[in-house]
């Protein structure tokens, strides 16, 4: 990467800080802006998309580690029992159906993929990203339980889909006969080791931090840095013992959020800020590297698949999973539409591109087209459709069962909009 490109990227990062509110009021979200900047860099020849910078892989991997850890850790799992049936339906029924439907459709549309690359496409496009629909999950007009449902689904489904994506990449590498390719069976063992190592490190780290707060030996100003280090420790330690680092990061986040006490959400702010920064760089890489790959391998079926992935392949599993959940038709359609594909899908695509090379080009093109369409469609419709749904919900009467505290949506480089009543506040008291 040329020094000129670095200067331009850092300038854009600072400029975004100055005008981010005005741009978002015009429905120009950070993913839209930084994807456009990355595409422009490639278009002007400042970034060589055919030979990505060597530093892009660590950035992508660290981004996924922090996103998985923070998404899992910031959810107040102990306070989600009230609507646990709805969460289980979306994550235990809707998510697997989305993966299977996407897998079958990819295998049908693109028979040259084979089963493994088709599974990669289906699994990579299954996770949702609430950060692309911030106006939805922060609009107080939308019933709090629906906002919480969308936020919880987004926070957990990327971690649940990660093992499937890793198995698909391993299977595709083995099928292509790539050097150092591991078998899907070996990858499955790594997933189990990673889950155990991550859970142990996250639980131990959360318990130690809680104990240190009680004894007064932990400086508050350093707690965020400590949690940041803990997430990276879970990733690297898992790799050291032969486990999958990404699954370890997710399991560590779940365990940390459970064991760290009521101060855990505040201590995650620094991790979220860092993941927000690197996620903007990943969106730049998306525009500079993945978009040219998509354009070079674009076929009409790619666009058809992208449209179906964002509509039928998402809405039908949500509708099936919601049978008996007490949700009306408008709510099912609303939740089904606001399943944007974002950072997790993009990171999975970049990891596949790094691991599989040219073998994955067309599969990555399908993922990229779907993410790009989602960034535009969901970014532009989030605010107006949230307002419309909120008016309809208000006309239907008070929220059944009363409002619930809503955990904050992931920032990922997007400014959050909170009112005092909306902020997720843990109960007062000692940890």
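Taken together, the values in this text are just the output of simple stated rules run on the coordinates, not laboratory data. Everything quoted here is computed from the prediction, not taken from an experiment. As a convention, Cβ positions derive from the backbone with ideal geometry for all residues, glycine included, and neighbour counts pool all protein chains shown.
Some observations on this one:
- Rounded, prolate or oblate (a/c below 1.5 giving rounded, otherwise prolate when a/b exceeds b/c) for segment 43-169 by Cα gyration tensor: oblate
- Relative protection proxy for 247-254, 37-44, from highest mean packing down: 247-254, 37-44 (other beta-carbon atoms within 10 angstrom).
- Report note on the peptides 203-211, 389-397: ranked by the mean count of other C-beta atoms within 10 Å, highest first, their order is 203-211, 389-397.
- Spacing of the modelled spin labels on residue 296 and residue 212, each 7 Å from Cα toward Cβ, amounts to 4.6 nm.
- Here the contact order of the chain, divided by its residue count and restricted to Cα pairs under 8 Å and six or more residues apart, works out to 29 percent.
- For the pair residue 14 and residue 396, label points projected 7 Å from Cα toward Cβ lie 4.9 nm apart.
- Rounded FRET efficiency, nearest 0.05, which uses the C-beta distance separating residue 28 from residue 82 and R0 of 35 Å: 0.45
- Between 287, 226, 198, the Gaussian network model of the chain with springs among Cα atoms under 10 angstrom shows the greatest mean-square fluctuation at 226.
- Largest GNM mean-square fluctuation across 58, 300, 76, computed for the chain with C-alpha springs under 10 Å, falls on 300.
- Helix-derived mean residue ellipticity, 222 nm - over the chain, DSSP H n ≥ 4, -39500 (n - 2.57), to 500: -23000 deg cm²/dmol
- Packing order of peptides 335-343, 120-128, highest average first: 120-128, 335-343 (average count of other Cβ atoms within 10 Å over each peptide's residues).
- Computing Cα extents along the principal axes in Å directly from the structure and comparing it against (1) 56, 52, 46; (2) 78, 64, 39; (3) 65, 49, 44 singles out (1).
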